[in-house]
Amino acid sequence: MIAIFISVSLLLGSQNARQNNFDKVEVANTMEDMIEWIEHDVKKDNVDHTVGQSYIENLNDILIQIKQENVQE
């Protein structure tokens, strides 16, 4: 989770405001897609339930942080 957050932060930290906002929206959309994919994989038993829930919780935590940053700007 930390590696994902650091990568996202570095990507978003070095761009102008308009591009930065666009990238945050894209990152949020991608994370929401990833959550759906993991939920689907858990339902199909392709991913262990505990591991899947951990990934989903971590992605949701990062998603909340990104959306809060958007509101504060």
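Nothing in this text is a laboratory measurement; each read-out follows from the coordinates by a stated rule. Small disclaimer: the values here were computed from a predicted structure and weren't measured. FYI the Cβ positions are ideal-geometry reconstructions off the backbone, even for glycines, and counts take in every protein chain you see.
Between E57 and F22, what is the label-point separation in nm under the 7 Å Cα-to-beta-carbon projection?
Placing both labels 7 Å along Cα→Cβ, they lie 3.7 nm apart.
Below 14 Å, Cα to Cα, which aspartates and glutamates can K67 reach? Residues fewer than 8 away in the same chain don't count.
Straight-distance partners of K67: D23, E26, E32.
Tell me the net charge near T50. Cut-off is 15 Å between Cβ atoms, T50 excluded, with +1 for each Lys or Arg and -1 for each Asp or Glu.
-4
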